[in-house]
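Here's the structure, in structure tokens; my notes come after.
The values are calculated or read from the model by the stated rules, or taken from the named source; none is laboratory data. From a predicted model like this one, the values you see are computed outputs, not experimental measurements. Note: ideal-geometry Cβ built from the backbone for every residue, glycine included; neighbour counts use all protein chains shown.
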């Protein structure tokens, strides 16, 4: 049996030298036959900030070589920050990966390269891998030009075709997905259905990222779905609950003719270094798994309504109105004050509006929230 280590999001914005993982974690990674992380930002010093809604993130160039020294073999690039600084930064990141002989997956300087799957044969076991992300800035969707740089779209029909083709060629197929609402401990129903469909097409494992917090896992027929591995190392997160990044990685076990096995690897950040979490002070994976079934519909409805009221609806109004307004009297007064104080200079209404319309995660939440509102 071969083992693959897979962890969640990595961004190191303030690297000052030294290891990212402690000795025990580093040994755990290096002991596996192959190791994968989600490299969620381009390297620093290249390109410039692109028009988008949300923060622009990049990371120190050295972090890629540090990750390799810990045993990582592949870095996933299909995510919502990889194009924050444009083509030049992506190209520099790809070039650095090539220099270090690190596999890169999910983004490229053309549509064809971004959608290329990767096949690795390890001890006579062929594993096909795909990496794709929800539609955000940098996505290569139906409107992308062939020579356009960006990342693969998770809902593109090409992903379905790739899963089917890889299943014919390989012993196992893994889809690394980057999607969903941030900071919620359950996935949206629509993404659950999408991942289950990919399993029906032939994927043996789906590994999710993007929510920045861990979510549960489930078995779908003989396939495994991990909805979110949370953060592995993510510096400067604004959410206090994510500061220590309590989460889990997985060791996937592959053996021809047998279902994929897994072992959770619980970890957190201590003194700016990722370390193994001791029993009694770790992510409660059993609780997260239970949330996928216990009262799930109610939680899903509450989550959809909350994000719609807090973020989607006010920003829809902001993007459409010619005057400062968020749809409420109190909020509109605050918007006027913020505008007069110059705090809304960065607000690009057409870009914000496009973001809200383009991203299927927000569409799923808005649709469910308005359905519930219409039923009252």
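Highlighted here are the strands (runs of 3 or more DSSP E) found entirely within the range 219-324 that include at least 3 residues which are closer than 24 Å to residue 21 by Cβ and in contact with a helix residue (DSSP H, G or I) (Cβ under 7 Å, 6 or more places away or on another chain): 261-270, 273-276. How about the range 107-124: which of its residues are crowded, with 17+ Cβ neighbours inside 10 Å and over 25 Å from residue 63 (Cβ atoms)? Result: 111, 115, 117. Of all the residues that make up the range 247-260, how many are within 17 Å of the chain's Cα centre (by Cα) and modelled with pLDDT under 95? Residues in the range 247-260 being within 17 Å of the chain's Cα centre (by Cα) and modelled with pLDDT under 95: 0 in total.
Checking each residue in the range 140-153 for being farther than 17 Å from residue 93 by Cα and surrounded by 15 or more Cβ atoms within 10 Å (Cβ to Cβ) picks out 140, 144, 153.
Is it the case that residue 332 is closer than 25 Å to residue 359 by Cβ, at pLDDT 70 or above and either within 32 Å of the chain's Cα centre (by Cα) or assigned to a helix (DSSP H, G or I) (or both)? Judged against the criteria, residue 332 is not a match.
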